[in-house]
Amino acid sequence: MHKYEVILYWSNEDNVFVAEVPELPGCIAHGATQETALKQAHEAIALWIDTAREFGDPIPEPKGERLMLA
């Protein structure tokens, strides 16, 4: 299991729970329940890392602490 921060919230516009991984640009998932969105986020993280490896892109290390968002 990867240890990236996942931000989970409800989207009124899309009528789903959204799970964002701020340390991995563009890594986002969604689901009808919080559990589904989080499961999808873990799959999205794995795919993000696999794709970065395939293209030789850098993979950020998890910060291991809460990110400060404005």
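For this structure, a couple of remarks:
- Residue among Glu20, Glu13, Glu54, Glu65 that is under 14 Å from the mean Cα position of the chain (by Cα) and among the charged types (D, E, K, R): Glu20
- One residue alone among Ala52, Ala37 is over 18 Å from Ala19 (Cβ atoms), among the small types (Gly, Ala, Ser) and surrounded by 11 or more Cβ atoms within 10 Å (Cβ to Cβ), and that residue is Ala52.
- The C-beta contact set for the stretch 44-62 (first residue touching a residue at least 12 places away in the same chain (Cβ under 8 Å) and over 12 Å from Gly26 (Cα atoms), second residue open to solvent by 60 Å² or more (accessible area, probe 1.4 Å) and part of a loop (DSSP other than H, G, I, E, B), distance under 6 angstrom, 6+ apart or interchain) comprises Pro62/Lys3.
- Ala44 falls short of the stated requirement of being touching a His at 6+ places or on another chain (Cβ under 9 Å) and modelled with pLDDT of 95 or more.
- Residue within the stretch 24-34 that is aliphatic (A, V, I, L, M), buried (at least 16 other Cβ atoms within 10 Å of the Cβ) and touching a strand residue (DSSP E or B) at 6+ places or on another chain (Cβ under 9 Å) present: yes
The values are calculated or read from the model by the stated rules, or taken from the named source; none is laboratory data. Everything quoted here is computed from the prediction, not taken from an experiment. Using ideal geometry, Cβ is built from the backbone for each residue, glycine included, and neighbour counts are taken over all protein chains shown. Heavy atoms of the whole protein, side chains included, go into the accessibility calculation; ligands, DNA and RNA do not. Shrake-Rupley method; radii C 1.70, N 1.55, O 1.52, S 1.80 Å.
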